[in-house]
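Take a look at the structure set out below.
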Amino acid sequence: MLAKGQTIIQWMEKLAPKSLAVPDDRIGLQLGSLQREINRVLIALDVTEEVVDEAIALGAELIIAHHAIIFRPLKDLQTDTPHGRLYEKLIKHDIAVYISHTNYDIADGGMNDLMADALGLLGTKVLWKTGEDKLEKLVVFVPKTHEDSVRTAILDTGAGHIGDYSHCSFNLQGTGTFKPLEGTNPYIGTTGTVEHVEEVRIETIIPSSIRSRVLRAMLKAHPYEEVAYDLYPISLEGKSYGLGRVGKLEQPKPLAQVAELVKERFEVPYVRVVGDLGREIRKVAVLGGSGGRSVKHALFHGADVLVAGDIDYHTAHDALVAGLCIIDPGHNAEKIMKKSVAEKLQSMAVEQGAKTTFHASNIATEPFHFM
């Protein structure tokens with residue numbers, strides 16, 4: 001059995017929900033159709049003509065990439081231009097292109113977690129907060145006979161997390177009353193008669209992002225035809241999400257050694273470094289892609305160094321004056337995502353019994369030569 005394109009994208013959006021993307025980011029299906037079975041998928045950082053040729057040779061029907069192929073609105077589609085030729089080749093070979101960009105950067109286990117993990121950072125936190133998964137209180141009334149099954153369904157779906165504790169709930173016994181009216185099919189009771197049932201009030205908290213999933217699981221497990229439940233907004237702070245990560249090295253290192261570590265782990269031929277090479281570095285901020293605007297966030301978190309790409313001359317001077325070191329491995333350091341995404345999607349396919357295979361692109365899309 002091969003997985004359909006839509007199914008593969010559902011797997012991808014479990015890894016990187018589209019709701020996490022920053023406003024106006026060009027994500028999602030950019031070319032082609034997902035309404036068919038997919039034999040092979042190519043995972044790429046950029047979609048260049050060389051990457052498309054690689055997909056054709058592989059027999060891939062879908063490319064999942066990090067950087068958009070249509071970043072600005074098209075005014076025309078002339079096939080004698082470089083971009084037009086790229087689109088023509090994709091269309092002629094019936095290859096769809098799906099983009100997962102800032103949503104993948106922000107997601108748990110996504111780009112910035114991969115980069116932080118590669119450097120061995122401990123106790124990581126979000127560098128640049130872009131949102132919060134707000135919390136809600138769920139209250140549901142359940143007959144005592146189904147207390148355990150309903151509570152388990154709710155908590156196993158992801159509700160009830162408080163800090164490092166899971167499956168947190170409060171339970172209170174009481175008596176529920178109801179009268180089934182004409183046309184009902186009550187699980188307990190008789191039409192037209194007021195019933196008194198021993199029930200349990202189950203309370204827990206849920207992140208807004210999984211509300212629908214938790215409610216579906218609750219309603220499926222609940223025996224009543226009409227389920228009595230409440231949802232309340234609460235002022236407790238939910239989980240923050242955003243761009244970049246900040247954490248600590250296990251042992252302090254001189255800036256020069258951290259720069260060598262960045263070169264090794266991100267497999268880049270060189271890095272640009274701002275700051276005293278002998279300075280001791282303990283706290284590290286990291287952000288995939290262009291990181292110039294994250295300098296103020298790194299300073300706010302007390303980072304010793306910011307690891308990010310595309311740092312411009314004046315930003316480097318500002319950081320130096322402010323006491324922040326910078327290691328710039330270039331934008332192409334984000335290639336770290338290819339293997340990880342391919343492996344995670346392959347694992348999902350195996351779990352579902354799908355024969356679709358996922359391949360990390362072998363094409364280097366770094367546009368610069370280093371001399």
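The values are calculated or read from the model by the stated rules, or taken from the named source; none is laboratory data. None of these values were measured; they are calculated from a predicted model. Here Cβ is always computed from backbone atoms with ideal geometry, including for glycine, and neighbour counts include all displayed protein chains. In case anyone asks, the SASA skips ligands and DNA or RNA and just uses the protein heavy atoms, side chains included. Shrake-Rupley method; radii C 1.70, N 1.55, O 1.52, S 1.80 Å.
A few comments on the model shown:
- Cut-off 12 Å between beta-carbons: net charge of the residues surrounding Gly275, Lys and Arg +1, Asp and Glu -1: -2
- Tilt relative to the chain, helix 82-92 - C-alpha long axis, 0 to 90 degrees, to 10: 50
- Cross-link pairs exceeding 24 Å between alpha carbons, from the set Lys283/Lys339; Lys89/Lys263; Lys18/Lys283; Lys14/Lys239; Lys239/Lys339; Lys14/Lys75: Lys283/Lys339; Lys89/Lys263; Lys18/Lys283; Lys239/Lys339; Lys14/Lys75.
- Within the chain, helix-based [θ] at 222 nm, where runs of 4 or more DSSP H residues each add -39,500 (n - 2.57), nearest 500: -8500 deg cm²/dmol
- For the stretch 203-337, the fraction of 1.4 Å probe accessible surface lying on carbon and sulfur atoms is 51 percent.
- Applying a DSSP loop filter and a limit of 14 other Cβ atoms within 10 Å to the chymotrypsin sites (Phe, Trp or Tyr not before Pro) in the stretch 215-305 leaves Tyr270.
- Between 0 and 90°, nearest 10: helix 313-322 axis offset from the chain longest Cα axis: 70
- Distance-filtered residues of the stretch 114-140 - backbone nitrogen under 17 Å, label point 7 angstrom along Glu343 Cα→Cβ: 114-121
- Solvent exposure of the chain, expressed per residue, is 53 Å² of accessible area, with all protein chains present and a 1.4 angstrom probe.
- Shape category assigned to the stretch 157-291 from the gyration tensor of Cα positions, a/c cut at 1.5: prolate
- Potential lengthening between Ile188 and Ser235 on full extension [0.36 nm per residue; Cα-Cα distance subtracted]: 13.2 nm
- Cβ-defined net charge surrounding Trp128, 11 Å radius [Lys, Arg +1; Asp, Glu -1]: +4
- Value of Rg/Rh across the stretch 242-318 [Cα atoms, Kirkwood radius]: 0.92
- Contour minus Cα-Cα distance for Arg201 and Lys355 (0.36 nm per residue): 50.9 nm
- Option label - mean projected area of the Cα convex hull in nm² computed here, alternatives (1) 24.4; (2) 21.1; (3) 29.0: (1)
- Between 0 and 90°, nearest 10: helix 255-266 axis offset from the chain longest Cα axis: 70
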